[in-house]
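Report on the structure given below.
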Amino acid sequence: MYSTISRFFYQWLVVCALTTSSFVMAAQPKEVTLGAYLTSLYDINSDRGTFSADMWIWSKAKPLDKYDLSKTLEISYISSQFPHIYSGLSIDKIGPQAQYTQKKIQGTFLHDFNLENFPFDRQKLKIYFEDSEFNLKDLKYIPDSATGSDEEIQIDGWRIDKVSLTSGIKEYKTNFGYPSKSVEDSYSRLQFEIELKRDAPLIFFKITLGLFAAVLVAMFSTFMPTESDDIFSARIGLLGGTLLAVVVNQQFADSKTGETTAVTLIDSLHMLGFSTVFILFLATILSRTLCERYQNAKLSRHFDHASFGASAIIFTGISLKMISDAIGS
């Protein structure tokens, strides 16, 4: 009798173990390895906030999972602007343990360009891979280490520094109207990130040359003595012309930067230049006052020389600090 009870207890443990194992196996989401290889990057437009890319994507999954990326995979589910073009679909078996699916996509994607450090800015273009049917309980994406980009890609004004594929989770605060689902739903997501660095060093001097020239002329106007009526009038006119030159150069810079609500490095430099010229304009009036009211031409000239030194040191120091911060960031 003791042996019968022991045998029954042993069978009961085996059944429980098999049931628990089956439940755990059923609860595990199927894993799909996904990779991407960038073959072309073009039409980078900060005004529209878009960029275009061509790439190969592939998936590796167990044959029993029957995953076909051409049916349920969504490319940039939340950031796609135009329809994608799919081509070159192929399905192969990699031995008995995996099924390989590959296809090529072409599309235009949205990107919020951060131009605060223009023209020393970096941009991280992102393309998202997400399944439209299976949530996190049913499917989990794993990034493939073979992800990369073609080294021969050339983009005018840009250089690709890094390409990476990282996994994440996208949470939606809705059940999309499906009654049996919970209020919140989560999906496995991969983020394909292309890190770009602007590769156009001469564009900075092209945009700011007019600004620096105008400020330099305004500084040297302090060597024009204000005790002479004609020279004082010429100095005032020269400063007015430099103020206008700064404004015109700002408009030229805006045409190169594009539309943005952020205050860029170029904007900050122009505001600094405008403030410097305006302060020199006020210093000229004060210098004239010293000559007329106090009849002290020597003090007026000393004041002009001090104005030149102070404006040169302050403008140069703040400008270099702004530029170095933009390059360092």
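The values are calculated or read from the model by the stated rules, or taken from the named source; none is laboratory data. From a predicted model like this one, the values you see are computed outputs, not experimental measurements. Cβ: placed from backbone, ideal geometry, glycine included. Neighbour counts: every protein chain shown.
Tabulated results
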| item | result |
| --- | --- |
| Options ILE169, ILE153, ILE142: the member that is at pLDDT 90 or above, in a strand (DSSP E or B) and not basic (Lys, Arg) | ILE142 |
| Residues located in the range 54-107, provided they are within 31 Å of the chain's Cα centre (by Cα), among the hydrophobic types (A, V, I, L, M, F, W, C) and at pLDDT below 75 | ILE78, PHE82, ILE85 |
| Selection from the range 280-296 of residues that are touching a helix residue (DSSP H, G or I) at 6+ places or on another chain (Cβ under 8 Å) and either surrounded by 16 or more Cβ atoms within 10 Å (Cβ to Cβ) or among the charged types (D, E, K, R) (or both) | LEU280, PHE281, ALA283, THR284, SER287, ARG288, LEU290, CYS291 |
| Residues of the range 297-315 satisfying the condition of being within 15 Å of VAL215 (Cβ to Cβ) and surrounded by 13 or more Cβ atoms within 10 Å (Cβ to Cβ) | SER307, PHE308, ALA310, SER311, ALA312, ILE314, PHE315 |
| Test result for SER180, surrounded by fewer than 13 Cβ atoms within 10 Å (Cβ to Cβ) and either out of contact with any helix residue (DSSP H, G or I) (no Cβ under 6 Å at 6 or more places or on another chain) or modelled with pLDDT of 85 or more (or both) | yes |
| Some residue of the range 223-238 being within 37 Å of the chain's Cα centre (by Cα), free of Cβ contacts under 8 Å to residues at least 12 places away in the same chain and in a helix (DSSP H, G or I) | no |
| Top-ranked residue in the range 126-139 [being at pLDDT below 90 and among the hydrophobic types (A, V, I, L, M, F, W, C); ranked as nearest to LEU34 (Cα to Cα)] | LEU139 |
| Subset of the range 292-329 (residues that are touching a residue at least 12 places away in the same chain (Cβ under 8 Å) and not in a helix (DSSP H, G or I)) | SER329 |
| Filter result for the condition that a residue is among the hydroxyl-bearing types (Ser, Thr, Tyr) and under 30 Å from SER329 (Cα atoms), over SER268, SER228, SER233, SER221 | SER268 |
| Test: ALA36 is outside any strand (DSSP E or B) and either within 24 Å of TYR141 (Cβ to Cβ) or modelled with pLDDT under 55 (or both) | no |
| Residue tally, condition over 30 Å from ILE327 (Cβ atoms) and either touching a Cys at 6+ places or on another chain (Cβ under 7 Å) or modelled with pLDDT of 95 or more (or both), over the range 258-281 | 0 |
| Given (1) at pLDDT 90 or above; (2) crowded, with 21+ Cβ neighbours inside 10 Å, index of the condition THR226 fails | (1) |
| Every residue from the range 252-278 that is surrounded by 15 or more Cβ atoms within 10 Å (Cβ to Cβ) and either assigned to a loop (DSSP other than H, G, I, E, B) or touching a Ser or Thr at 6+ places or on another chain (Cβ under 7 Å) (or both) | THR257, GLY258, THR260, THR264, ILE266, LEU269, LEU272, THR276, VAL277 |
